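Worksheet: one structure, shown below.
Each value in this text was obtained by applying a stated rule to the coordinates, not by laboratory testing. Note that this is a predicted model, so its numbers are computed, not measured. Neighbour counts run over all protein chains shown; Cβ positions are idealised from the backbone, glycine included.
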Amino acid sequence: MPDGRFAPSPTAPLHLGNLRTALVAWLAARSSGSRFFFRSEDMDQVACRAEHEVSALRDLHLLGLDHDGEVVRQSERVEFYRDAIERLIADDRTYPCYCTRREVLAEASDSIAAPHGVRPAGAYAGTCSTLDAAGRAEREAAGRTPSLRLRANTAVVSFTDGLAGYHEGIVDDFVIRRADGTPAYNLAVVVDDAAQGVGEVVRGDDLLETTPRQIFLARLLGLNVPDYLHVPLVFGPDGERLAKRHGAVTLQDQRALGNTPEDVLAAFAASLGLCEVGERPSLTQLVERFDLTLLPHEVWVVPDALAGSVES
Ligand code: GLU
């Protein structure tokens, strides 16, 4: 009975895509009698705001999605990430990288099909991996502050996703500590999922590509590797990934359109193959009906009933 979690970054109000993924994660946990945690991935103090964490919790509550234990905040767990980083440094698995974002993109070895697997978009080409002490000193003298990258030696990692099936990817030398000293997402998420005992990670399939990095890192740190289930994203009526410009994308927007949280839940349930369109099952019924094999493998386009623009 693997415990689950929902781990949004409070950079904006949750949109229908986030909420639908949260529902799947919650149903996956509750249908197997497991615990479900809420983790606020609020490490980026510039982009994250407490008000978005509050609204995320309120939205989940309105949909009836409860969670176990206290809210876990990454901003309060930095020491654990530092420990993991120190261990990787001590094991000589890291190197400083002085590349700017622009340089990384210019040299990125995007999706080059190698003998095995695919590199994630924006994969680091390894430019700084061979810098010697003089090269580092030169860049430091020029005022560049390094990020810290993990030396992955183009490892190939495969896993079987609960929905997407077999996936194989090349792990690039990804950042584990940003130039401003903040531990990077891929590191924090691995440390946290292990610390919380999360056994099944259910999240949007925009993160499928970075999962080999996380599995690689978990193994390196001797941490448990959870199962993964990546849920296809939600698209707007124009066929683009759901975003603010699509109009009524939050639960609050939906209210302004006259749609209650129950209406939204019913639309999600129908989209997940758990009820007919127009039916209004309770959460208890949804827990009983939840069946991984019913989940669609395609993106979900927001139906007309939920689409619409609101003045905000
Ligand atoms: N915090 C990430 C996001 O909001 C999700 C991380 C995860 O579920 O692993 O995109």
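Could you give the angle, 0 to 90 degrees to the nearest 10, between helix 78-90's Cα long axis and the longest principal axis of the Cα atoms of the chain?
Roughly 40 degrees between the two axes.
Rounded to a whole number of µm²/s, how large is the Stokes-Einstein D of the stretch 1-157 at 25 °C and 0.890 mPa s, given Rh as the Kirkwood radius over C-alpha pairs?
130 µm²/s
How big is the stretch 221-300 along each principal axis, measuring the range of its Cα positions in Å and listing the largest first?
Per principal axis, max minus min of the Cα coordinates gives 48, 31, 21 Å.
Report, in degrees rounded to the nearest 10, the 0 to 90 angle that the Cα long axis of helix 185-195 makes with the longest principal axis of the chain.
Compared with the principal axis, the helix lies near 70 degrees.
Taking Rh as the Kirkwood radius computed over C-alpha pairs, what is the Stokes-Einstein D of the stretch 68-198 at 25 °C in a medium of viscosity 0.890 mPa s, expressed in µm² per second? Present the calculation step by step, with values, prior to reporting the outcome.
Numbers: Rh = 16.4 Å.
In µm²/s, the coefficient rounds to 150.
Any chance you could get the radius of gyration and Dmax over the Cα atoms of the stretch 141-245, in Å?
Rg then Dmax for the stretch 141-245, in Å: 15.8, 51.
Take every DSSP beta bridge whose two residues both sit in the chain, then give the antiparallel share in percent to the nearest 5. The partial results should precede the final answer.
Values: 15 of 30 bridges.
Counting only bridges with both partners in the chain, antiparallel ones make up about 50 percent.
Where does the stretch 1-44 land on Rg(C-alpha)/(2.2 N^0.38 Å)?
1.21
Taking every DSSP beta bridge that has both residues in the stretch 148-299, what percent is antiparallel when rounded to the nearest 5? Display every interim value, and only then the final one.
Details: 10 of 15 bridges.
Taking every DSSP beta bridge within the stretch 148-299, about 65 percent pair in antiparallel fashion.
Rounded to whole Å and ordered largest first, report the semi-axes of the equivalent ellipsoid of the chain derived from its Cα gyration tensor (root of 5λ). Working shown, then result.
Working: eigenvalues 266, 84, 74 Å².
Over the Cα atoms of the chain, the semi-axes work out to 36, 20, 19 Å.
I need the peptides 271-283, 171-183 ranked by packing, meaning the mean over residues of other C-beta atoms within 10 angstrom, with the highest value on top.
Working: 271-283: 15.3, 171-183: 19.8.
Ranked by mean Cβ neighbours within 10 Å, highest first: 171-183, 271-283.
Which of the cysteines in the chain are isolated, no other cysteine C-beta under 4.7 Å?
CYS48, CYS99, CYS275
Near the amide H of THR94, under 5 Å away, which other amide H atoms are found, from residues 5 or more places off or on another chain, if H is placed in the peptide plane?
ARG151
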